[in-house]
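One structure is given here, and the rest of the page talks about it.
What follows draws every value from the coordinates through simple rules; no lab data is involved. What you see is a predicted model; the values in this text were computed from it and never measured. No Cβ is skipped: glycine too gets one built from the backbone with ideal geometry, and neighbour counts run over all protein chains shown.
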């Protein structure tokens, strides 16, 4: 996937810590297969200092942390998230369940 990876950078005194760590909301920008059954605005757990800036239209969700960044992308059978589904309680488990369903449907081996 074409694009770049950017480190968060905030002015001193802005009150924004790096890494971005804790609960934050997703804004679903378009329908993504990982987010089937998950409402827009759901909270997920983040721990990261970098985020993708893709050159393609592959952003499924965005999140606000001092700026708006791509918090998940999808292209074909490649999925990436900036949050940790395994730490994101019920909605995170649903993301993992959706991934398993996709893998089974696509017969990944």
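Tabulated data for the structure shown
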| quantity | calculated |
| --- | --- |
| Gain upon complete extension [residue 78, residue 93; 0.36 nm per residue less C-alpha separation] | 3.6 nm |
| Which of 63, 12 has the fewest Cβ neighbours within 10 Å, and the rest in rising order | 12, 63 |
| Packing-based exposure ordering (other Cβ within 10 Å, fewest first) of 48, 84 | 84, 48 |
| Residue 31-residue 53 FRET efficiency (beta carbon distance; Förster radius 25 Å; 0.05 resolution) | 0.70 |
| In degrees, nearest ten, helix 89-105 long axis to first principal axis of the chain (Cα) | 40 |
| Stokes-Einstein D in µm²/s, Kirkwood radius over Cα pairs - the chain at 10 °C with 1.306 mPa s viscosity | 109 |
| Helix-derived mean residue ellipticity, 222 nm - over the chain, DSSP H n ≥ 4, -39500 (n - 2.57), to 500 | -5000 deg cm²/dmol |
| Sorted by Cβ neighbour density within 10 Å, fewest at the top, the residues 18, 38 | 18, 38 |
